[in-house]
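Here the structure is laid out as structure tokens; the discussion comes afterwards.
What follows is calculated from the coordinates using simple rules that are stated; it is not laboratory data. Nothing here was measured: the structure is a model prediction, and the numbers come from that model. Cβ: placed from backbone, ideal geometry, glycine included. Neighbour counts: every protein chain shown.
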Amino acid sequence: MEQTNQFQLKQQNDVTVLHIQGDITAQSEPVINEAYKKADDQGAAQKILVQFEEDAYINSGGIAVLIQILAHTQKKNQQIGITGLSDHFKKIFNMVGISKFAGIYNTVEDALEAMS
Amino acid sequence: MKEKIRIVDERTVEVDLPNMNGYERIAMECSASFAKIGGLSKERIEDLKTAVSEACLNAMEHGNKGRPEARVVISMHLGDKDFRVSVKDEGNGIPHVPQNIDIRRKVAKLEPPNGLGLYLIQQLVDRVDFNEKTDGGHVVKMVLKMECQTAPCPCDEDQTPTVIEGKR
């Protein structure tokens, strides 16, 4: 079953906001990789805020894709923030330990303030 | 033709899914709706949905090895004190159930990034039995207790052997 994600990139001060639309599953890998590469290619992307949709379905396959992205960001010393998660998925991300590598914020505004 | 979503009785619903990624959403929503009838809280319903999703994905990818002709059968039972879901595949069982995950090793690429589903199930439900065999396959059985209004909770009376108590 084909699944399509879409993404938009936006620069907010020194933070590159990467808005990913759609559910986050193993099938999201090509789009998420492309989105990160575009964000990274912008050159000054040392701070990246990943914004999900609050009603997005996220499963362990999607989290594995995100972990692969974190592997790249760690290597490049990039600061990563995540926002747009429902309360349930904030809990899941904390359980898995993603909060050790990325700040998890309630809103884009909170994230931009914390990351600046 | 056997119905693919079957109301067995007023307390039992069965869902028979094709072995295709994405179809676990049907089991998720079905279990959520049924659990809502039973009065499970909104937060616990979200836990249930994720646990059912992960159990189905594990059944599809590992139990059924991605075979398109295989099926995943989910059975849900609304008890007085708990909500039980079993997810059956056509495989031989789960050889290793991780009790913990080490995200630092995964981010450092010292181990694969996947393998989170079984761990999440243990975190989200009250009891899980990962390796029950059945005719023609293998079953994961999950239990979520209905929240009790007073303490102590009588839900702990029913204990079955060889199960893993959830971390909640």
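Descriptive notes on the structure:
- Distance violations [Cα-Cα > 32 Å] among A:LYS47/B:LYS106; A:LYS47/B:LYS141; B:LYS49/B:LYS106: A:LYS47/B:LYS141
- Descending semi-axes in whole angstrom, ellipsoid equivalent of chain A, from the Cα gyration tensor: 19, 16, 14
- Remark: the protein assembly as shown carries a charge dipole of roughly 720 debye about the Cα centre, counting +1 on each Lys and Arg Cβ and -1 on each Asp and Glu Cβ.
- According to the Cα-based calculation, Rg over Rh for region B:1-96 is 0.97, with Rh computed by the Kirkwood formula.
- Amide hydrogen proximity for B:GLY91: with H placed 1.01 Å from N in the peptide plane, the residues at 5 or more positions away or on another chain lying under 5 Å are B:HIS138.
- Projected over all directions and averaged, the alpha-carbon convex hull of chain B occupies 10.8 nm².
- Table column - 3J(HN,Hα) (Hz), region A:76-84, Karplus curve with 6.51, -1.76, 1.60, x for Gly and Pro: 8, 6, 8, 8, 10, x, 10, 9, x
- Neighbourhood charge, 12 Å Cβ-Cβ cut-off, centred on A:ILE58 and excluding it, Lys, Arg +1 and Asp, Glu -1: -3
- Local electrostatic count, B:ARG67, Cβ distance below 13 Å [Lys/Arg +1, Asp/Glu -1]: -2
- Between region A:3-19 and region B:48-96, the Cα center-to-center distance that results, in Å: 35 Å
- For chain B, averaging the sequence separation of C-alpha pairs within contact (under 8 Å, six or more residues apart) and dividing by the residue count gives a relative contact order of 22 percent.
- Relative to the Cα centre, the charge distribution of region A:6-115, modelled as +1 at Lys and Arg Cβ and -1 at Asp and Glu Cβ, gives a dipole magnitude of about 440 debye.
- Scalar couplings 3J(HN,Hα) for region B:116-127, obtained by applying the Karplus form with A = 6.51, B = -1.76, C = 1.60 to θ = phi - 60°, are 8, x, 5, 5, 4, 4, 4, 6, 9, 10, 7, 8 Hz; x denotes Gly and Pro.
- Prolate/oblate/rounded label for region B:61-124 (Cα gyration tensor, a/c 1.5): oblate
- Dimensionless Rg ratio for the protein assembly as shown, taking C-alpha atoms and the 2.2 N^0.38 Å reference: 1.06
- Unit charges on C-beta of K, R, D, E only; dipole of chain B, Debye: 540 debye
- Taken along the Cα-to-beta-carbon direction at a fixed 7 Å, the label points for B:LEU110 and A:GLN12 span 3.5 nm.
- Toward the positive end of the charge dipole of chain A, with +1 on the Cβ of Lys and Arg and -1 on the Cβ of Asp and Glu, the farthest Cα among A:VAL31, A:GLN68, A:GLN21 is that of A:GLN68.
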